[in-house]
1. May I ask you to list the residues in the range 1-27 that are away from the ligand (no atom under 16 Å from the Cβ) and of a type in the set (Lys, Arg)?
2. Of the residues Leu76, Leu127, Leu50, Leu87, which is within 29 Å of Lys205 (Cβ to Cβ) and crowded, with 20+ Cβ neighbours inside 10 Å?
3. Considering only residues that are over 24 Å from the mean Cα position of the chain (by Cα) and among the aliphatic types (A, V, I, L, M), which ones fall in the range 57-106?
4. Can you tell me how many residues within the range 90-106 are in contact with an Asp or Glu (Cβ under 6 Å, 6 or more places away or on another chain) and within 20 Å of Met207 (Cα to Cα)?
5. Can we say Arg177 is over 29 Å from Glu84 (Cβ atoms), touching a residue at least 12 places away in the same chain (Cβ under 8 Å) and of a type outside the set (Phe, Trp, Tyr)?
6. I need the full set of residues from the range 174-192 which are small (Gly, Ala, Ser) and closer than 16 Å to Asn203 by Cβ, in order please.
7. Does Glu174 satisfy the condition of being under 16 Å from Val95 (Cα atoms), surrounded by 15 or more Cβ atoms within 10 Å (Cβ to Cβ) and not small (Gly, Ala, Ser)?
Amino acid sequence: MVIAQSIACSRCGGPVEFEPGELFATCKYCGFTTVIETGQPFSFEHSLLLNKYDEAGLESLVRSWMTSGFLKPADLVRKSKLLEKNLVYLPFWLVSAEAKTTYKGIFERISPPVVKEGTLDKEYNWLVLAREASDFPSREYNVPLEGKIPYDFRRIERFAKILNSEIERDEALEIARQQIEAHHRFLLQKDVDRIIDLRLELNMKQMVYLHAPAWFVKFEYKGSLFKIIVDGATGAVLKGDIPSSKFGVF
Ligand SMILES: [Zn+2]
């Protein structure tokens, strides 16, 4: 069981609820964000992506997902029952940065092997999910940044749940750095077989705190429960449990 606590909003004085482990809390009455530990206003840019689907729209997305693709049982849409549709605004840190990797490695696919050196230059809007534990697939998630607006609590549905950040800004930057470095190591695999030296220079341009909408859907099919996560901004299915088409046969 999660026990919510609350502090007074530093702008409107209203009660702002938060859960253990959360670092910032956003007021549902005025949209202001407070740093829980100090009670001070949050001083970074806070953005929002809007949800474009109501429950009916979401249901039709789920139905079309159920009827598309080869892997799904033919009776999936007919025999499934939607049990839960929860709209959640997830917290992210969005890191806009130039990333330059200087590397040295050995190309072993030819004989004799040769030493290769070079640089990899990229620009990223790198997204770090600001929650410690979650089954949200951030790597599959292409943030539709064109739709980003300044955080506006009035645009958030009353029934939606808003999760707060559990990760400090500096920690998120460090996570972004590690993930970008891992990504560059992955990209370099086509040029180098063995990396002997690698240095990442990350030139951070901007960091924004962002809330983005995701629908967490639960459905029942032949007595078992399955989950789907749908991007509320684009309607893309980010993750979906697919019952085996042999399900229920044996
Ligand atoms: Zn407030």
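The values are calculated or read from the model by the stated rules, or taken from the named source; none is laboratory data. Remember, predicted model here, so these are calculated numbers, not experimental data. As a convention, Cβ positions derive from the backbone with ideal geometry for all residues, glycine included, and neighbour counts pool all protein chains shown.
1. none
2. On the way: Leu76 fails: within 29 Å of Lys205 (Cβ to Cβ); Leu50 fails: crowded, with 20+ Cβ neighbours inside 10 Å; Leu87 fails: within 29 Å of Lys205 (Cβ to Cβ).
Just a single option satisfies the conditions, and that option is Leu127.
3. The answer is Leu71, Ala74, Leu76, Val77, Ile106.
4. Number of matching residues: 2.
5. Values: over 29 Å from Glu84 (Cβ atoms): yes; touching a residue at least 12 places away in the same chain (Cβ under 8 Å): yes; of a type outside the set (Phe, Trp, Tyr): yes.
Spelling it out, Arg177 is indeed over 29 Å from Glu84 (Cβ atoms), touching a residue at least 12 places away in the same chain (Cβ under 8 Å) and of a type outside the set (Phe, Trp, Tyr).
6. Going residue by residue through the range 174-192, those that are small (Gly, Ala, Ser) are 176, 182.
Passing the criteria: only Ala176.
7. Values: under 16 Å from Val95 (Cα atoms): yes; surrounded by 15 or more Cβ atoms within 10 Å (Cβ to Cβ): no; not small (Gly, Ala, Ser): yes.
Taking the combined requirement at face value, the residue does not satisfy it.
Residue-by-condition table, conditions (1) touching a Gly at 6+ places or on another chain (Cβ under 9 Å); (2) modelled with pLDDT of 95 or more; (3) surrounded by fewer than 16 Cβ atoms within 10 Å (Cβ to Cβ); (4) farther than 17 Å from Glu98 by Cα:
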position: Ile167; (1), (2), (3), (4): no, no, no, yes
position: Phe186; (1), (2), (3), (4): no, no, yes, yes
position: Lys190; (1), (2), (3), (4): no, no, yes, yes
position: Arg194; (1), (2), (3), (4): yes, no, yes, yes
position: Arg199; (1), (2), (3), (4): no, yes, yes, no
position: Leu202; (1), (2), (3), (4): no, yes, no, no
position: His211; (1), (2), (3), (4): no, yes, no, yes
position: Pro243; (1), (2), (3), (4): no, no, no, yes
position: Val249; (1), (2), (3), (4): no, no, yes, yes
